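Taking it in order: structure first as structure tokens, then the write-up.
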Amino acid sequence: NAGVTQTPKFRVLKTGQSMTLLCAQDMNHEYMYWYRQDPGMGLRLIHYSVGEGTTAKGEVPDGYNVSRLKKQNFLLGLESAAPSQTSVYFCASSYSIGLAGEYNEQFFGPGTRLTVL
Amino acid sequence: SQQGEEDPQALSIQEGENATMNCSYKTSINNLQWYRQNSGRGLVHLILIRSNEREKHSGRLRVTLDTSKKSSSLLITASRAADTASYFCATSRFNYGQNFVFGPGTRLSVLP
């Protein structure tokens, strides 16, 4: 199994350009997540999805859009990139939450390093 | 403000020594998880401890949870150079819209 894969691995954009990051998982997980990681900030949740066709906002959703048309894929879009979106982006997936609302182990992709000039 | 805060921010030890890092959080949780991140890589899950558990072991890892103090510790025994990485705690909270939150991490350096 490949686990969680992300494409591309690196990307450089100019301010105002758009792009889509693709995340794919082959573990049949219900939940998928997009995080960004900035120095000294840990990971911050951008958007997440609890199943095919559903998405929800996380802590820092502004400037991003997502789609989950297929269970195994979760796309993150930047419509008009800004230098503040320079970051490393991680996708993760997990089984659905437990009966008490507890989150299960998350499986992470290798990350996409994005630079916006 | 962040739910989880690791302490120290950075830790440097010699190979063979034990490494202890701590995580404090602010609100009630249903579980707490520790992850490792090697430089330039994604995070890898290490261990999950539930709110009704006080201690858990996995190989050279020992995790404790004190819900009264809202804190957890991760102990790595007999450290190896390969343990050099950043370690993050993440808390799963009850009834919050965004209820899985990572701390900023502890950077561990194990010197040969």
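The listed residues A:D38, B:D7, A:D62, B:D66 rank as A:D62, B:D7, B:D66, A:D38 when sorted by accessible area, largest first, using a 1.4 Å probe.
Solvent-free Debye calculation, one equal scatterer per alpha-carbon of chain B: log10 I(q)/I(0) at 0.14, 0.16, 0.18 Å⁻¹ equals -0.51, -0.66, -0.83.
For an R0 of 22 angstrom, estimate the FRET efficiency from the Cβ-Cβ distance between B:S109 and B:R60 and round to the nearest 0.05. Spell out each step's value before the answer.
Numbers: r = 17 Å, r/R0 = 0.77.
So, using R0 = 22 Å, E works out to roughly 0.85.
Close amide H pairs (under 5 Å, H built 1.01 Å from N) link A:N104 with A:G98, residues at least 5 positions away or on another chain. Computed over chain A, relative contact order equals 34 percent, with contacts defined as Cα pairs under 8 Å that lie 6+ residues apart. Positive contributions from Lys and Arg (+1) and negative ones from Asp and Glu (-1), summed over other residues with Cβ under 12 Å from the Cβ of A:L13, come out at +2. Computed with a 1.4 angstrom probe on protein heavy atoms, the A-B interface buries about 1600 square angstrom of accessible area in total. Looking at the protein assembly as shown alone, DSSP beta bridges between its own residues are antiparallel in about 90 percent of cases. Of the whole protein surface, B:L65 contributes about 10 Å² of accessible area at a 1.4 Å probe radius.
Ligands, DNA and RNA are left out, and with a 1.4 angstrom probe the accessible area of chain B is 46 Å² per residue.
What's the center-to-center distance, using Cα atoms, between the range B:31-62 and the range A:65-96 in Å? Spelled out, the Cα-based centre of one part sits 25 Å from the other. The charge dipole of the protein assembly as shown, taken about its Cα centre with unit charges on the Cβ of Lys, Arg, Asp and Glu (plus for the first two, minus for the last two), comes to roughly 240 debye. Give me the percent of the accessible area of the protein assembly as shown that comes from carbon and sulfur atoms, probe 1.4 Å, all protein chains in place. Roughly 50 percent of what the probe reaches on the protein assembly as shown is carbon or sulfur.
Using the Karplus relation 6.51 cos²θ - 1.76 cosθ + 1.60 with θ = phi - 60°, the per-residue 3J(HN,Hα) values for the range A:38-48 come to 10, x, x, 10, x, 9, 10, 7, 8, 9, 9 Hz, with x marking Gly and Pro.
Other residues whose C-beta falls under 13 angstrom from the C-beta of A:P39 contribute a net charge of +3, scoring Lys and Arg +1 and Asp and Glu -1. A Förster distance of 25 Å, applied to the separation of the beta-carbon atoms of A:Y95 and B:N18, puts the FRET efficiency at 0.15. The length gained on full extension between A:L69 and A:T7, counted as 0.36 nm times the residue separation minus their Cα-Cα distance, comes to 20.6 nm.
Counting only Cα atoms, the size of chain A along its three principal axes is 44, 26, 24 Å, in decreasing order. The simple spin-label model puts a point 7 Å past each Cα toward its Cβ; for B:A10 and B:R41 those points are separated by 2.2 nm. Sparse packing (at most 16 other Cβ atoms within 10 Å of the Cβ) combined with a DSSP loop state is found for the following trypsin sites (Lys or Arg not before Pro) in the range B:52-96: B:R54, B:R60, B:K69, B:R80.
The values are calculated or read from the model by the stated rules, or taken from the named source; none is laboratory data. Since this is a predicted model, take the numbers as computed values, not measurements. When we count neighbours, we look across all protein chains shown, and the Cβ atoms used for this are built from the backbone with ideal geometry, even at glycine. Protein only, heavy atoms only, side chains kept; ligands, DNA and RNA dropped before computing areas. Shrake-Rupley method; radii C 1.70, N 1.55, O 1.52, S 1.80 Å.
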